[in-house]
Amino acid sequence: MFVQDKKTKPSPSHRQSSTTYRSHFNSRQASPGKVATVYQRPLRQAARPVVTIKKVSNSESNLKIYPLGGQEEVGRNCTVFEYDNDIIILDMGLQFADEDMPGIDYIIPNVSSLRGKEKNIRGVIFSHGHLDHIGAAPILLEQLGNPPIIGRQLTLAMIKHRQEDYKRGTTKNLKTITIKSVNQKIKLGKFDVSFFAVEHSIVDAVGLILQTPHGTVIHPGDWLLDDDPLDGQAIDYSYLSKLPSPKILMLESLGISYSKERVPDKTSLANLEKLIKESPGRVIIGTFASQLERITHLLAYAEKIGKKVALDGYSMKLNVRIAQELGYIPLHKHTLIPVEDFHKYPENKVILICTGAQGESNAVFSRVVNGSHRYINIKKSDVIIFSSSVIPGNERSVQKIKDQLYRLSDHVIHSSIMDVHSGGHANANDIKKILHQIKPDYLLPVYANYYMLVETKKLAMREGFRDDQVTVLDNGQIIKFQKNKKPQVLKTKVNTDYIMVDGLGIGDVSEIVLRDRRMMADDGMIVIIATIDSKTGSIIGNPDLISRGFIYMKENRDLIEKTRMRVKKIVKDKNPMNLADDNYIKNKIRNDIGKFLFKATKRRPMVLPVVIKV
Ligand SMILES: [Zn+2]
């Protein structure tokens, strides 16, 4: 995955194209009315191609699938399905930035390959409301001329809220089609679209079936298997094996590396309920905002036993509010209390549910633990519960927070003590089961790190799949399906370079900016201010040096003095062609002083020359 990742980082040529790419999209408006009517046609009529500009004979027809993200990372999930002149997109997720991308908020899928094809996009389907599936929607939908969006109620409501957060008053531009039941069927161009129920940690998650004459795609989105789910019966996917062949299963494989059996939701909830009920003091639960099902159940349980709940964490509060507005959480209006009122209730009557159980330095849970939360300080009698797993890479920060908690409270509970968390993804055993239930002709492992996709392929082959039945695609690779032919991975790839979002700027942060940030984070910076005579180019006074994060100047007087002398010399040896060429002087200072400082300190600070002409 790591090798692959490098490929997807923007090349210098991409930086240039990114601005033109945006302005192109901004100036372009796909004809929204036309797109909407395509979907509204009666099923029979729509079977004929609506766009008949170029007649494609059936022998040329094929189904192309290409992921724009989600194949080499967790997040940025986005897949394109293309059949003749009809395009469907599944999910528009974001990916949170890596540690080596300082200041970058997140990365979104690159849709430049769809430039010029906006009119062919029949719809964008969203499998569920997690950010790695909907997070990039406001930006990408706008870039693609607002094609119709399709999802279940909660998913669409979450997209609308994100849209409003992104640009006030733009929700009205969204053309939504609500999936009212999993039995609903929609015709989108030549795609027959239907759905199926899946279990996941958020309500309204849905699986997708795309039928075309050249293959049936089955895509559960994120999924898990629970033998004894909280609501309803366990899902058996065997009926999907009866769909027309060739059946192409695109399987989210994030859980392949989970060696432990998944804790059933019922078990973790029962344990949480017991802890809440028996707690003599306050209960503080740190979990993921994405665990909406669990939060919903905890709220209902708190209400049942007459305890009050305060929620803290922006995304958690937002998710609960949306679910409440839709009637998914029928609560008495006094059960939820503002966090600032937490102290007003008896200690055995209050629960705080908050985000940040991964030790994220700015998140609510961390602030509670390190005493910087405005309203809550931990007491010895508090019951503190980590209802979360440790996301790989966060082990150290979680460990730190645990150590701190054990000093503050006598009752700290986490998953290695009691089952208080159930993951949202299927594990290797479940993957094995679903493969036998659906019996696909072809398998494309998706929505995970590269190594997980390869491990899923290996597992499938142990279960009897042939090598040519399972393909692990890179981001941007195109696989083509044609009836009675073997699937073919095309040699050309579509552009999936990173589009980085930094604050409110999209794609404004190039690799150069990132390199500068990394450089400053690693070795600091040094500013060199030289004043020169605008006529003669000779230096006036002593150059000023300012160091930040590089060296402590007071203890390095010798080095500072030597640097000053060098700057003076550089200015003195100024470009003979132009006496006061400050660009020449700046470049020379940057290069020479950079080399000099590296030799002296083995560090490469960012050198910022400032030349003032007087
Ligand atoms: Zn999810």
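Candidate cross-link partners of Lys277 among the lysines, defined by an alpha-carbon separation under 25 Å and a same-chain spacing of 8 or more, comprise Lys266, Lys304, Lys307, Lys308, Lys317, Lys333, Lys344, Lys349, Lys379, Lys380, Lys402. For the chain, what percent of Cα pairs sit more than 43 Å apart? Distances greater than 43 Å cover 33 percent of the Cα pairs. Local charge for Val364 was computed over the other residues whose Cβ lies under 12 Å away, with Lys and Arg +1 and Asp and Glu -1, and equals +1.
Electrostatic bookkeeping for Ser201 treats Lys and Arg as +1 and Asp and Glu as -1; over the other residues with beta carbon under 9 Å from its beta carbon, the sum is -3.
Taking every pair of alpha-carbon atoms in region 389-535, give the share separated by more than 24 Å as a whole percent. Roughly 65 percent, rounded to a whole number. Principal-axis analysis of the Cα atoms of the chain puts helix 428-438 at an angle of about 50° to the longest axis.
Peptides 141-148, 113-120, 259-266 ranked from most to least packed give 141-148, 113-120, 259-266, packing being the mean of other C-beta atoms within 10 angstrom over each peptide's residues. Among Thr170, Thr492, Thr563, the sequence by solvent-accessible area, most first, with a 1.4 Å probe is Thr492, Thr170, Thr563. Counting only protein chain heavy atoms and rolling a 1.4 Å probe, the accessible areas of Met158, Met525 rank, largest first, as Met525, Met158.
Angle of helix 557-572 to the longest C-alpha principal axis of the chain, folded into 0 to 90 degrees and rounded to 10: 80°. Share of carbon and sulfur in the accessible area of the chain stands at 51%, probe radius 1.4 Å. The residues packed around Phe550, meaning those with a beta-carbon under 9 Å from its beta-carbon, carry a net charge of +1 if Lys and Arg are +1 and Asp and Glu are -1. Ligands, DNA and RNA aside, His411 has an accessible area near 70 Å² when probed at 1.4 Å. On the beta carbon distance between Glu164 and Asp236, with R0 = 45 Å, the FRET formula returns roughly 0.70. Per residue, region 213-286 exposes 41 Å² of solvent-accessible protein surface, assessed with a 1.4 angstrom probe and all protein chains in place.
Rolling a 1.4 Å probe over the protein heavy atoms gives region 357-493 an accessible area of 49 Å² per residue. Estimated from helices alone, the mean residue ellipticity of the chain at 222 nm is -9500 deg cm²/dmol (sum of -39500 (n - 2.57) over DSSP H runs with n ≥ 4, per residue). The accessible area of Ser257, taken with all protein chains in place and a 1.4 Å probe, comes to roughly 60 Å².
The values are calculated or read from the model by the stated rules, or taken from the named source; none is laboratory data. Predicted model, so just to flag it, every value in this text is computed and none were measured. FYI the Cβ positions are ideal-geometry reconstructions off the backbone, even for glycines, and counts take in every protein chain you see. Each accessible area value is taken on the protein alone, full model and side chains, heavy atoms only, with ligands, DNA and RNA left out. Shrake-Rupley method; radii C 1.70, N 1.55, O 1.52, S 1.80 Å.
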